[in-house]
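Asks: Have a look at the structure that comes next, please.
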Amino acid sequence: MSAIGNVLDEHERRVAAITAIAIEVGALVLSESAGEPTSTVNPNAEKLVYAKAFRAWADGAIEGIAEDIFETVGEVLDA
């Protein structure tokens, strides 16, 4: 697989993991009508997403650098 493919796969895994965290803490809900997660606009839940995502990163469960985690959380929460 090419280097670009590896980067894209890593990003997709990061998005999936952080989306799961966001749903778990209530920052996102699955919208049956849209078929996609939507924001609950809950600032406390959003803080938990950042905390849990960085904890998962520190534990080695999510790949990337700190900036990748921060940017991906923002991307997921803007959904």
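Asks: When only residues in segment 1-24 that are open to solvent by less than 30 Å² (accessible area, probe 1.4 Å) and of a type in the set (A, V, I, L, M) count, which is nearest to the chain's Cα centre (by Cα)?
Replies: Per the criteria, the residue is Ile18.
Asks: Among the numbered criteria (1) modelled with pLDDT of 95 or more; (2) open to solvent by less than 50 Å² (accessible area, probe 1.4 Å); (3) at negative phi, which one does Gly64 miss?
Replies: (3)
Asks: Can I ask one more? What is the one condition in (1) touching a residue at least 24 places away in the same chain (Cβ under 8 Å); (2) open to solvent by 70 Å² or more (accessible area, probe 1.4 Å); (3) among the charged types (D, E, K, R); (4) under 16 Å from Gly74 (Cα atoms) that Glu46 does not satisfy?
Replies: Checking Glu46 against (1) touching a residue at least 24 places away in the same chain (Cβ under 8 Å); (2) open to solvent by 70 Å² or more (accessible area, probe 1.4 Å); (3) among the charged types (D, E, K, R); (4) under 16 Å from Gly74 (Cα atoms), the one that fails is (2).
Asks: Which of the following residues is surrounded by fewer than 13 Cβ atoms within 10 Å (Cβ to Cβ) and modelled with pLDDT of 95 or more: Asp78, Asp59?
Replies: On the way: Asp78 fails: modelled with pLDDT of 95 or more.
Residue meeting the stated conditions: Asp59.
Asks: Can you report the number of residues in segment 13-56 which are in a helix (DSSP H, G or I) and either at pLDDT below 95 or of a type in the set (Ser, Thr, Tyr) (or both)? Step through it out loud before you land on a result.
Replies: First, the residues of segment 13-56 that are in a helix (DSSP H, G or I): 13-25, 43-56.
With the extra rule that they be either at pLDDT below 95 or of a type in the set (Ser, Thr, Tyr) (or both), the set shrinks to 19, 50.
Counting residues in segment 13-56 that are in a helix (DSSP H, G or I) and either at pLDDT below 95 or of a type in the set (Ser, Thr, Tyr) (or both) gives 2.
Asks: (1) in contact (Cβ under 8 Å) with a residue 24 or more places away in the chain; (2) surrounded by 13 or more Cβ atoms within 10 Å (Cβ to Cβ): which one isn't true of Glu36, the others all being true?
Replies: For Glu36, the failing item is (2).
The values are calculated or read from the model by the stated rules, or taken from the named source; none is laboratory data. Please read these numbers as outputs of a predicted model, since none were measured by experiment. Backbone-built Cβ (ideal geometry, glycine too); neighbour counts: all protein chains shown. Protein only, heavy atoms only, side chains kept; ligands, DNA and RNA dropped before computing areas. Shrake-Rupley method; radii C 1.70, N 1.55, O 1.52, S 1.80 Å.
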